[in-house]
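Below is one structure; the comments refer to it alone.
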Amino acid sequence: MFASKFTYYYKINNKYSFMNNFLTGAIDIIKTKDLEKLRANDFKLSKKLSKKNKNPLLNPLIERGYYYINENDENKLFHELFKNYKKKIKKRPIKIVFCPSYVCNLKCTYCFEKDLFKNKNKFISDSHLNFAFNVIEKFLKDNKKISSIELFGGEPLLPRSKESVKKILNFAYKKNIRISIITNGVLANEFIGILKPVKNLIDMLQITIDGPLAIHDKRRKSYSGKGSFSQIEKNIDLLLKNKINTNIRVNIDMENIDYLPELYEFIDKKNWVSHPNFKIQLSKVTDHKNAECVYPIVKDNILLEKLISIYNQNQQLEKTFSFNMFKPLRHILYILNGAENVAPRYFNCESNLIELYIFCPDGFIYTCPESIGDSNTAIGRYYPDLEFFENNIKIWTDRNILKLKECSNCKFAPLCGGGCPYSSILIHKNNLTPVCEDFQDVLDTYLKFRGNEILKKYNIS
Amino acid sequence: MVNVVIKTLKKDWGEKLKSINDTKKLWNKDKKFKAANFNTSPMCCWFWCIIFGWG
C-alpha cells in the first residue's frame, strides 16, 4: 500500500483529526488514534491487498484516494486526469475585457498600476473599438462562448471614456452578453443614464471601499489629496436605488483590518447589507512584484489569525465576509457550503488557459489583468490589425504543475496550481518558477481556530 | 442556504472515517471530470473574490 503524496492532516483535538486529499478532493474526519496508527504504518499494510480484506479503515482510504495498492497508481491517475482536464477546459467560455483607459482619477497607496498612465496611448479610440468588436464577432462566428464583457482600467468610468463605455455596453446588449464593471465608483453617477438600460445584464459594478471614511480616504484619494469616500457613498446609494447590482470590495492589509467592524456598522446602518442588489467581499492587498512581504502586507496566516480574532468578537462579520480571500481555504469553504467537490488545479488561473482577452488602448490584447501595459506579455494585437503572438501565448500556456519541477514533490500542487504566473515573470524573469503561498500555515491556522466548528457542523463529537 | 450533509457510513466501514463529501461525483470511471462547477468556476485571485459572492 502506498500513501498518496497529496494528503494533508491536522489534529483538531485528541479525539478527531482532519484529512484532505488534494487530488481526489476528499475531506474526512478520522479518529486521532487511528490516524496516528496509520501514519506509524501500524495497520500491517501489505503491498498485496486482498479483495477480501475487510479492514474497516483501509477500504475507504483507498476509495477516497489516500492510499493506493500499486506504487504507480496515483501517478497514472494524476496524468490521466490532466489529459481529461485539458479536454474539459476547452469547453469553458472566454471572457472579454475592455480597458477604455489607462488613466485613473485616484492615486491609491497600494496601486499596482502606478505607471500605467505613462503609456502614450491613454484612451481607447473609436477605431480601436471597431477593430475590437470585429475580433469579438470573429470569436462568436468561430463558436467561442463568451461568458461576459468586463470593463477594467485604469479607471473605466471617466468623462473622456463615456462614449466608448456606451458603445461597449450597447455591443454587449445586442449580443446579450453579461456585463461586469470594475470601477473606483467616484464618477458612477455620471454613467447612470447609460447603465440603467442594460441593468438586467449587469452582474455587478465592483467598487472598492477600504474602511470607514477616515481610513478609506487615507488610502484612496485623488491626485489633489481629496478623499473619495463621500462621493462613493452617494453613488452606491444611487446605484442601489436604481437596482443595479453593486459589489463592494474591501482591500485588506494590516493597516485597515481592525476597522472592519466599523465598516460593517456603517454599511448595516445604510441598509446596504440587506439590499438584494448588494454584496461585499474582502480581498488581500497583494504585491506580485515582491517575493517578500512588506508591511502592511504580511504573511497570510498572520492576516488570517487577525481576522479570526475580529470575527470571534462579532459572528455576523464572519457570516458576511467569510474567509474566501484566502486561496488555501476556498476548497474547504466551498464544500462546507454545499458544493459536491472541487476539481484539482493543474493551472493557477485563467491566463494559463487564455480565457481572458483584454483589449487595451495600446492596441494590444492581454490575458492577465495585472500585466496590461507590459507589451512583452501581450498575447496579440487587435489594432491596426489582428495578430496573435504564438511565442507569448506559450509563456502563459506552458505553465502547469507538471512542468514546474519544484511542484512535483509538493502535496499542495493540485490545490495551488503553481502560483501567479505574472509574479514568476516579474520576480524570477521566467514563466516556470513556482510562486508559493503559505498553504500549510494557512490551513493549520484555520483548523486550529475553526476545526471544532467543523466537527459541530457534522455532529461529530 | 447551507446544505449540511451527514454521510452515512456503510456497515463494514464502521465508524473509522467520516466523509464530508462524495469523491465519486468528481469524475466517472473513465476519469472524465463531471463536477458541476468545473466549467464555470473562476480561478484567478481577481475573479474569485468578485464572482464567488454571486455564486
Practice prompt. Note down the nm distance, to one decimal, between modelled labels 7 Å out along Cα→Cβ at A:K270 and at A:H428.
Written response: 4.1 nm
Discussion item. How charged is the neighbourhood of A:E453? Take every other residue with its Cβ under 13 Å from the Cβ of A:E453, and add Lys/Arg as +1 and Asp/Glu as -1.
Written reply: +4
Worksheet item: In whole percent, what relative contact order does the range A:263-357 give with Cα contacts below 8 Å and a gap of six or more residues?
Response: 20 percent
Discussion item. If I stretch the segment between A:Q313 and A:L386 completely, what's the gain in nm (0.36 nm per residue apart, minus their alpha carbon distance), one decimal?
Written reply: 20.7 nm
Discussion item. Please give the Cα centre distance for the range A:154-204 versus the range A:359-395, rounded to the nearest Å.
Written reply: 23 Å
Practice prompt. Can you check what the net charge comes to around A:I395, using other residues whose Cβ is under 13 Å from the Cβ of A:I395 (Lys, Arg +1; Asp, Glu -1)?
Written response: +1
Worksheet item: Based on the Cβ-Cβ distance of A:E137 and A:D237, what FRET efficiency does E = 1/(1 + (r/R0)^6) give at R0 = 45 Å, to the nearest 0.05?
Response: 0.75
Practice prompt. At 7 Å along the Cα-to-beta-carbon direction for both A:A3 and A:K448, put a label point, then send me their distance in nm to one decimal.
Written response: 2.2 nm
Response to the item:
Restricting to Cα pairs under 8 Å and 6 or more apart, the percent relative contact order of chain A works out to 16 percent
Discussion item. Pairs of alpha-carbon atoms within less than 8 angstrom and 6+ residues apart define the contacts here; what relative contact order does the range A:94-320 have, in percent?
Written reply: 17 percent
Worksheet item: What's the extension gain from A:E262 to A:K162 if we count 0.36 nm per residue and subtract their Cα-Cα distance?
Response: 32.5 nm
Worksheet item: Residue separation times 0.36 nm, minus the C-alpha to C-alpha distance between A:S230 and A:N459: what's the value?
Response: 77.8 nm
Worksheet, complete the sentence: With a ≥ b ≥ c from the Cα gyration tensor eigenvalues, square-rooted, and the rule rounded for a/c under 1.5, otherwise prolate when a/b > b/c and oblate otherwise, the range A:89-155 is oblate
Worksheet item: Under 20 Å from a point 7 Å along the Cα-to-Cβ line of A:K306: which residues of the range A:222-259 have their amide N that close?
Response: A:249-259
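Just so you know, all these numbers are worked out from the coordinates, no wet-lab data involved. As the structure is a prediction and not an experimental result, all values here were calculated from the model. Don't worry about glycine lacking a Cβ; one is built from the backbone with ideal geometry, like all the others, and counts go over all protein chains shown.
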